[in-house]
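K.L.:
Below is the structure I would like to discuss, written out as structure tokens.
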Amino acid sequence: MRRQQSPIFARLECPRRIWAVAAIHGEAARLADLHGQLARVIEPGDRLVYLGNYVGIGAEITATIDELLSFRRAFLTIPGIEPQDIVHLRGTQEEMWWKLLHVQLATSPLQVFDWMLDNGLDTTLRAYGGSADEARSRFREGVLATTKWTGRLRDNLKAHPGHDDLLASVKRAAFSEGGELLFVHAGVDPNRPLDAQQDIFWWGGPDFGAIRDPYDGFQRVIRGFDPDHQGVQFGPATASIDGGAGFGGPLTAICFDLNAEPVETLVA
């Protein structure tokens with residue numbers, strides 16, 4: 001099924017195979033190891049999708065983004081590769097970071113902020129020069145002080161070349177142009193069409209493993225983050241490839257062919 005291009009989705013055109021990289025969670029050393037392996041096996045015609053959660057949890061936040069940017073440059077030197085052949089999806093952590101940069105618009109910014117810290121955003125905040133104590137102080141001072149504080153966070157982000165551009169370019173989902181494979185961060189609701197998933201992409205929906213039939217014509221849906229940390233699992237119409245990076249497990253990348261079958265696995 002050929003689907004129309006959309007600014008919020010990425011359509012992977014003319015793929016031979018598609019590599020999917022699971023949630024990284026600020027583990028730059030694992031990512032560099034994985035990239036080293038990937039550089040040795042990637043082939044012309046391959047496409048590459050990162051499935052979100054680059055930041056958060058782990059301590060190597062800025063180094064992780066630097067590594068993503070470095071490998072993107074290397075990937076684009078492969079003959080025949082175009083910029084649209086490498087895709088970064090928005091994950092839970094990137095969604096929270098975006099919300100943090102707009103927290104002055106929240107009805108209860110302190111409550112929203114504490115919830116985000118409880119869900120792993122603290123390391124990203126500190127990586128870009130913020131502190132929880134200062135944030136809470138600014139929230140109590142009001143909207144103007146909070147706006148100035150988020151403005152400084154934006155400036156700190158922009159001080160790292162390419163970081164703002166990468167985090168602003170993330171897509172909600174990606175799919176092969178023939179409709180064989182759909183790539184998401186945390187899940188889909190099989191009862192909703194693709195353009196009505198909204199926050200389900202990064203917060204997850206009904207039990208992902210319970211999806212037994214192809215969703216919306218896709219032979220397989222591949223996700224990169226499992227909120228329940230159950231490890232790599234395959235169902236008849238799904239694949240959950242989160243090995244547990246950031247939570248004591250490895251970082252995984254799996255290559256899929258257009259028959260929706262896994263053909264190669266890398267672990268770092």
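K.L.:
Got a sec? Which of Val221, Val232 is out of contact with any Pro (no Cβ under 9 Å at 6 or more places or on another chain), modelled with pLDDT of 95 or more, β-branched (Val, Ile, Thr) and surrounded by 19 or more Cβ atoms within 10 Å (Cβ to Cβ)? Walk me through how you get there before you give the answer.
P.N.:
On the way: Val221 fails: out of contact with any Pro (no Cβ under 9 Å at 6 or more places or on another chain).
Of the residues listed, the single one that is out of contact with any Pro (no Cβ under 9 Å at 6 or more places or on another chain), modelled with pLDDT of 95 or more, β-branched (Val, Ile, Thr) and surrounded by 19 or more Cβ atoms within 10 Å (Cβ to Cβ) is Val232.
K.L.:
Please give the number of the condition Gln197 fails out of (1) in contact (Cβ under 8 Å) with a residue 40 or more places away in the chain; (2) within 14 Å of Phe9 (Cα to Cα); (3) surrounded by 14 or more Cβ atoms within 10 Å (Cβ to Cβ).
P.N.:
(1)
K.L.:
Assuming Leu117 fulfils every condition listed in (1) within 20 Å of the chain's Cα centre (by Cα); (2) outside any helix (DSSP H, G or I); (3) free of Cβ contacts under 8 Å to residues at least 24 places away in the same chain apart from one, which condition is it?
P.N.:
(2)
K.L.:
Oh, and also: Testing Leu69 on (1) buried (at least 17 other Cβ atoms within 10 Å of the Cβ); (2) at pLDDT 95 or above, one condition comes back false. Which one is that?
P.N.:
Looking at each condition in turn, Leu69 falls short on (1).
K.L.:
Additional query: Restricting attention to the stretch 120-130, and to residues there that are free of Cβ contacts under 8 Å to residues at least 60 places away in the same chain and outside any helix (DSSP H, G or I), which single residue is surrounded by the fewest Cβ atoms within 10 Å (Cβ to Cβ)?
P.N.:
Looking at the filtered set, the residue picked out is Gly129.
K.L.:
Can you list the helices (runs of 4 or more DSSP H) found entirely within the stretch 131-208 that contain at least 1 residues being among the β-branched types (Val, Ile, Thr)? It would help to see each step written out before you state the result.
P.N.:
Values: elements: 132-141, 143-158, 163-168, 200-203.
In the stretch 131-208, the matching helices (runs of 4 or more DSSP H) lie at 143-158, 200-203.
K.L.:
Something else about it: Looking at this structure, is Gly178 farther than 22 Å from Ile24 by Cα and surrounded by 13 or more Cβ atoms within 10 Å (Cβ to Cβ)?
P.N.:
Values: farther than 22 Å from Ile24 by Cα: yes; surrounded by 13 or more Cβ atoms within 10 Å (Cβ to Cβ): yes.
Taking the combined requirement at face value, the residue satisfies it.
K.L.:
Quick one: in the stretch 9-40, which of the residues that are charged (D, E, K, R) and within 14 Å of Ala268 (Cβ to Cβ) is modelled with the lowest pLDDT?
P.N.:
Among them, the one singled out is Arg40.
K.L.:
Determine which member of the set Arg152, Arg138, Arg192 is buried (at least 20 other Cβ atoms within 10 Å of the Cβ), without any contact (Cβ under 8 Å) to a residue 24 or more places away in the chain, of a type outside the set (Phe, Trp, Tyr) and out of contact with any strand residue (DSSP E or B) (no Cβ under 7 Å at 6 or more places or on another chain). First the steps, then the outcome.
P.N.:
Details: Arg152 fails: buried (at least 20 other Cβ atoms within 10 Å of the Cβ); Arg192 fails: buried (at least 20 other Cβ atoms within 10 Å of the Cβ).
Selected residue: Arg138, the only one of Arg152, Arg138, Arg192 that is buried (at least 20 other Cβ atoms within 10 Å of the Cβ), without any contact (Cβ under 8 Å) to a residue 24 or more places away in the chain, of a type outside the set (Phe, Trp, Tyr) and out of contact with any strand residue (DSSP E or B) (no Cβ under 7 Å at 6 or more places or on another chain).
The values are calculated or read from the model by the stated rules, or taken from the named source; none is laboratory data. This structure is a prediction, so every number in the text was calculated from the model and none was measured. Neighbour counts run over all protein chains shown; Cβ positions are idealised from the backbone, glycine included.
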